[in-house]
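Notes follow once the structure below has been shown.
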Amino acid sequence: MIQPIPEKILEFIHEHHVLTLATVRNSIPWCCNCFYVFNPHTHSFIFSSDTTTRHGQEMITNPTVAGSIVLETETIGKIQGLQFTGIATLLEKQKLTQAKKLYLQRFPYAILKKTTLWECTLTYAKLTDNRLGFGTKLIWE
């Protein structure tokens, strides 16, 4: 049975809308930034990216990805950031229809362009949250 994601991690994810995603091909890493919506029922980020991009091509051949979401601050006591790993899947059919509804609720202007949607199902997440005490980390697997 999949464990529920801790509420503090979910709160952080829902407070933001851009993630950095890392892919790899031939042992050479690549990063991109993507707007996302989170589906708590499937423990997954839904994001848009064309299949012709470098990271799109890399996710097709190697769906294991890593990523992060950060709060930019110079105040040590407010530092927060999420690091994660997951499996990226190009969405089709019924999953695409469901994901598109979620994505367009969060980003209604995306209806104006052709969107290729992906799902990154989390396999690991670590939230660092100094508001809970310096260096506090919450981990979900």
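FYI, it's all coordinate maths here, none of it is from the lab. Predicted model only: the values in this text are computed from it and were never measured. Glycine gets a Cβ as well: all are built from the backbone with ideal geometry, and neighbour counts include every protein chain shown.
Points worth noting:
- J(HN,Hα) series, region 113-125, from Karplus relation 6.51 cos²θ - 1.76 cosθ + 1.60, nearest Hz, glycine and proline x: 10, 5, 10, 9, 9, 10, 10, 10, 7, 5, 10, 7, 8
- Estimated dipole of the chain in Debye, rounded to 20 [Cβ of Lys and Arg +1, of Asp and Glu -1, Cα centre]: 340 debye
- Most to least packed among 35-47, 77-89, 101-113 [average Cβ atoms within 10 Å]: 35-47, 77-89, 101-113
- Using C-alpha pairs below 8 Å separated by at least 6 residues, the relative contact order for the chain is 25 percent.
- Note: the chain, Cα convex hull, 126 Å³ per residue.
- Computed helical MRE - 222 nm, the chain, DSSP H runs ≥ 4 contributing -39500 (n - 2.57), nearest 500: -6500 deg cm²/dmol
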